[in-house]
Structures are given as structure tokens and as C-alpha cells.
Amino acid sequence: MSIGQRDIADIKIDVSSRDGNLSILLGLQHIYTTQPLRDAVFKILEDVVPTKIDAEVTKIVAIDKGRPGMNQWSILVLGSLRVGLNTDYDRILELANQHNTLREMLGLGCFDADKRYRLQTLKDNLKLFTPAIMARISTEVIQAGYQLLDLDIHALIRGRCDSFVLKTNVHFPTDINTATANIINL
């Protein structure tokens, strides 16, 4: 950490907000603060190795550095938001550059106000964070939840749902129907 940064465990997230990105940030905060889970997630993230092209030669970027401006944690945070919110890169760019809680989660402090992500940087990095990677991370999180609740990980999960269908004749009133009824009554 550097001066002005806040530890991810100490970030205050408004749990009364109904916005979807805050619940994702709460989950990421739990991943970060739970050492065995964090180790498992970063083991999966080793498959998300950024590359760069220098003079038409593709080179693997050091895993601890990522692309310029993005390390593995940033790729996880922004990739989770992109997949979890099912949104485009433009919204993620806006959130990454304007949302204070998200910027704290990315490790940016009060002295990083001029730090801005660029759209191409997000596209180059987040395309590596596929739904398949997210599914593997979700499996690890679910297993950690089972262990937290002291449940058998290998137990079969069964669900039951009761539903039925009723035939109905739903007629929505419109102005056209009213006008037609008035002409017929004349």
C-alpha cells in the first residue's frame, strides 16, 4: 500500500444500496480478506495472462504487473463487474473512472485522482476474463461458502418448485377499444 490508499478490508460499502455493483464489490472484498479463497482465485487468474505486442511480436507481461495500468486484482474486479452486470466496456470505463468505492477497491487512493483507465486498456485486459474463468472462480467461492457454513461440499443439492398455469383472458383497455365501443353504440 502507498500513502492515500485504503486497505480493501477497511472499505465501507453501503449495504443498504440496491445497486448490483455494490453486491459484487462485497463479494470481492470477502475474496480478498479470506486468504485461502484469495489464493485459490489468484491460482485461477494465472490463466488470465495479459500479453502485449512489441514490433509484431507477442510477449507475455509479468503476471504481477499486468498490462499498463492493470494488475491481476484490477482485472478480477473490473472483469467481475463486466460479467456480473452483463454490461459493456463503456459502462465499466465510467464506473472505473468515476465510482469512488470501486476506485478504492482497485487500490487507488486520494492521490490517484488523475489516474484514469482508457477504453482500449479495459478491452485488452477484460477480454481475457471470460465467463468460463468467472465460472471457475464462482465454484471456488461456493465451495468456500459451504466450508464457512460447515456443509458437505459433495452433498447433492436438491431443489423443488411448485408452479401451475392458469388460462386467462386478459384484455387491456386502450383508447382504440373505447372509441370502437362508442361507434358501435351510435
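All of the numbers you see were taken from the coordinates with simple rules; none came from a lab. Since the model is a prediction, treat every value here as computed from it, not as a measurement. Note that each Cβ is placed from the backbone with ideal geometry, even for glycine, and that neighbours are counted across all protein chains shown.
Tabulated results
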read-out: Peptides 34-44, 96-106, 143-153 ordered by average Cβ neighbours within 10 Å, highest first; value: 96-106, 34-44, 143-153
read-out: Efficiency of FRET from Cβ geometry, ALA132 and GLN29, R₀ 25 Å, rounded to 0.05; value: 0.60
read-out: Length added when fully stretched, ASP14-ASP162, from 0.36 nm per residue minus Cα-Cα; value: 49.8 nm
